Amino acid sequence: VYTVVADYGPGLDAEAAFTKAFKAAGGEMVGSVHTPLQNPDFAPFVQRVKDAKPEAVFLFLPAGEQGIAFMKSYKERGLADAGIKLIATGDITDDGVLDAMGDPTLGLVTSFHYSASHNSPENTAFKKAYAEANGTTLRPNFMAAAGYDGMAAIYEALRKTNGSTDGDKIMAALKGMKLSSPRGAIMIDPETRDVVQTVYIRKVEKTGGGLYNMEFDKFPDQKDPGK
């Protein structure tokens, strides 16, 4: 596997975590490249990957325009035709830009904690409310789900404290809090105060007139491996 990650903290952390786990499972790394955050031209980096002839590329980039630009180069440089598979975190196939990325994303496997296609009553209700507030042209993405969960946690904490905004009481209420989120069941770790959640394995498929991250496997109760 060849890694292509943005040259900043989250990208380097993702590369380190992937490399460690992949090698531990018997995998071999054949190269890596760190792309600039500002106005990257992916063509030379993608060509470097193609020349190395890996079986797959692990990709981590900020969600949004960079993913669109990379997929354009991935198609133009013929990596898919060369049999080089692409695996990534779900930032790449952000629901907000997935349709704009087009058919080159079909079959792309990613891991992430939220998909607009997630099948649950909570997510169905969330998408309905989101459409009523924003119109039907926008699809909720992981940032929208995180905003919803943040407000839900604040509401629940205030309910537990009977409306008190005392800092110590609020923090005590948040520790170990469990919520039914559009992403699935989540909990606030009482030790790290970080979210514990399910990480889903998804594949991009065309369904319902658009491109969606369709879940086919999951890993429940995942903590931040860096904490």
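Inside the stretch 157-205, residues that are part of a strand (DSSP E or B) and over 21 Å from the mean Cα position of the chain (by Cα) make up a count of 1. Considered as a group, the residues in the stretch 80-102 that are among the aliphatic types (A, V, I, L, M), more than 18 Å from residue 206 (Cβ to Cβ) and surrounded by fewer than 22 Cβ atoms within 10 Å (Cβ to Cβ) include one that is nearest to the chain's Cα centre (by Cα), and that residue is 87.
Yes or no, residue by residue, for (1) free of Cβ contacts under 8 Å to residues at least 12 places away in the same chain; (2) out of contact with any Ser or Thr (no Cβ under 8 Å at 6 or more places or on another chain); (3) surrounded by 12 or more Cβ atoms within 10 Å (Cβ to Cβ); (4) of a type in the set (S, T, N, Q):
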{"site": "32", "(1), (2), (3), (4)": "no, no, yes, yes"}
{"site": "37", "(1), (2), (3), (4)": "no, yes, yes, no"}
{"site": "43", "(1), (2), (3), (4)": "no, no, yes, no"}
{"site": "48", "(1), (2), (3), (4)": "no, yes, yes, no"}
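Here are some residues: 58, 70. Which one is surrounded by 19 or more Cβ atoms within 10 Å (Cβ to Cβ), at pLDDT 90 or above, in the same structural domain as residue 110 (by TED's automatic domain parsing) and not in a helix (DSSP H, G or I)? The match here is 58.
Given the criteria farther than 26 Å from residue 64 by Cβ, surrounded by fewer than 16 Cβ atoms within 10 Å (Cβ to Cβ) and modelled with pLDDT of 95 or more, does residue 185 qualify?
Values: farther than 26 Å from residue 64 by Cβ: yes; surrounded by fewer than 16 Cβ atoms within 10 Å (Cβ to Cβ): yes; modelled with pLDDT of 95 or more: yes.
Spelling it out, residue 185 is indeed farther than 26 Å from residue 64 by Cβ, surrounded by fewer than 16 Cβ atoms within 10 Å (Cβ to Cβ) and modelled with pLDDT of 95 or more.
Filtering 82, 100, 152, 116 for residues that are at pLDDT 90 or above and assigned to a helix (DSSP H, G or I) leaves a single hit, 152.
Inspect all residues belonging to the stretch 151-161 and state whether any of them is within 22 Å of residue 206 (Cβ to Cβ) and of a type in the set (Phe, Trp, Tyr). No: the stretch 151-161 contains no residue that is within 22 Å of residue 206 (Cβ to Cβ) and of a type in the set (Phe, Trp, Tyr).
The values are calculated or read from the model by the stated rules, or taken from the named source; none is laboratory data. Since the model is a prediction, treat every value here as computed from it, not as a measurement. Glycine also receives a Cβ, built like all others from the backbone with ideal geometry; neighbour counts cover every protein chain displayed.
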